[in-house]
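Novice: This is the structure, below, for whatever I ask next.
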Amino acid sequence: MTAEPTNSSTANAAVPIATRYPIFLSVVVVDRDQADTQREFLTQMVGTLGALVEDFEIILVDNGSAPEARAAYDALARVEGVPNLQVYHLLRRVDAETAYWAGIENSIGDYVLAFDPYNDELTCLPKAIELCLAGTDLVLIENQERERAKGIEALAGRAFRGLYRSIYGVGLTERAAQHRLMSKKVISFLLQLPRPAIWYRVLPARAGFATVTLTYRAPRSKSKIDHNFTTRARRATNLLFSSTLAPLRFVSMLALLGSVANILYSIYVVIIAFSMNSVARGWTTLSLQQSGMFFLLSIVFFVLAEYMVRMVQWSMGEPPYFIVGEAVSSTLTRHQKLNVEAPRADDQ
């Protein structure tokens with residue numbers, strides 16, 4: 001995949017602008033069983049977006065709510081409801097990234113904003129739009145107000161972020177924010193993949209798009225959809241195993257090390273058998289038999305693990321390349337060889 005160098009920077013909240021940006025902005029919001037609270041958020045959002053961009057749409061993804069809540073969400077999009085609103089109901093509850101991708105895939109705007117009204121604000125949106133108009137493909141907007149986590153949950157979170165950083169070399173806190181503004185170029189890249197929702201999770205860490213990180217600080221709400229420990233643990237597992245082959249490679253290396261260890265043990269057994277006279281009868285043959293069997297099993301596991309790595313790589317369906325930028329010289333010699341002459345002044 002051909003990509004431009006990724007640029008990462010940090011900025012503070014932007015000052016509201018006086019004129020509207022000439023773009024069509026799509027805003028994707030994910031919610032579940034909280035239609036009454038969502039009406040207030042959406043009303044405020046409409047006023048902010050109407051003063052910020054020329055045209056916009058709000059895509060509300062209902063992440064598997066109860067039938068009563070679905071009817072309440074539908075009421076938001078009626079004649080007297082929220083303008084420029086589209087509601088999509090998911091058949092069952094899915095993880096947050098998959099729900100966001102369901103809305104992004106059905107968006108039609110020039111730029112798409114993934115937004116959590118319970119824990120994010122639109123303070124940095126003007127600056128993010130300016131960056132996208134200047135050529136940035138992906139703008140991550142991070143709320144530096146830490147989520148409240150105690151005990152095992154906080155310890156597990158730090159351990160997972162450290163593990164992810166050791167594998168990818170980037171931090172999840174600043175590089176995997178759900179609040180992000182994307183260009184159509186990024187969405188076009190994801191649509192080329194057979195399972196784009198998986199790649200959407202780790203897009204900031206894996207893809208080589210021009211990326212900028214904006215930071216701000218605002219209080220978080222307790223109404224976050226994926227707030228419980230079980231849901232976060234499931235999301236962390238999906239994030240790790242669906243985006244990297246490192247765990248499978250680790251198992252493969254363990255099998256290979258096991259086979260090497262059995263060979264070394266066999267050599268040790270032979271040395272003991274020839275150098276010591278007090279070896280119990282049958283110990284040498286039994287030890288060689290066991291080490292040989294474990295050696296063969298380790299080789300089998302190693303080969304199976306390598307084949308599984310290939311199968312996973314093929315199933316992920318990453319394209320061989322994706323061009324994210326193009327630059328053409330202002331002077332092209334082939335244009336100078338064209339059999340076309342400019343009209344002369346005396347011919348006009």
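Novice: Please verify whether the range 52-73 includes one or more residues that are polar (S, T, N, Q) and farther than 26 Å from K184 by Cα. Can you show your working first?
Specialist: Here is the first cut: in the range 52-73, the ones polar (S, T, N, Q) are 63, 65.
Cutting the leftovers down to farther than 26 Å from K184 by Cα gives us 65.
Yes, because at least one residue in the range 52-73 is polar (S, T, N, Q) and farther than 26 Å from K184 by Cα.
Novice: Contact list please: Cβ distance under 7 Å, first residue in the range 119-141 and more than 25 Å from S221 (Cα to Cα), second residue of a type in the set (D, E, K, R) and not in a strand (DSSP E or B), pairs at least six apart or on different chains.
Specialist: Within 7 Å, the pairs are D137/K185.
Novice: Please indicate, with yes or no, whether at least one residue in the range 143-162 is closer than 23 Å to L190 by Cβ and either modelled with pLDDT under 85 or surrounded by 21 or more Cβ atoms within 10 Å (Cβ to Cβ) (or both).
Specialist: Taking every residue of the range 143-162 in turn, none turns out to be closer than 23 Å to L190 by Cβ and either modelled with pLDDT under 85 or surrounded by 21 or more Cβ atoms within 10 Å (Cβ to Cβ) (or both).
Novice: What's the number of the condition S275 fails, among (1) surrounded by fewer than 17 Cβ atoms within 10 Å (Cβ to Cβ); (2) of a type in the set (S, T, Y); (3) closer than 30 Å to L190 by Cβ?
Specialist: Of everything listed in (1) surrounded by fewer than 17 Cβ atoms within 10 Å (Cβ to Cβ); (2) of a type in the set (S, T, Y); (3) closer than 30 Å to L190 by Cβ, S275 misses just condition (3).
Novice: Quick check on my filter: what residues within the range 58-69 are within 20 Å of I104 (Cα to Cα) and surrounded by fewer than 19 Cβ atoms within 10 Å (Cβ to Cβ)?
Specialist: Of everything in the range 58-69, just one residue is within 20 Å of I104 (Cα to Cα) and surrounded by fewer than 19 Cβ atoms within 10 Å (Cβ to Cβ), namely G64.
The values are calculated or read from the model by the stated rules, or taken from the named source; none is laboratory data. Everything numeric here is computed off the predicted structure, so don't read it as measured data. Neighbour counts are summed over all protein chains in view; Cβ atoms, including those assigned to glycine, are modelled from backbone coordinates with ideal geometry.
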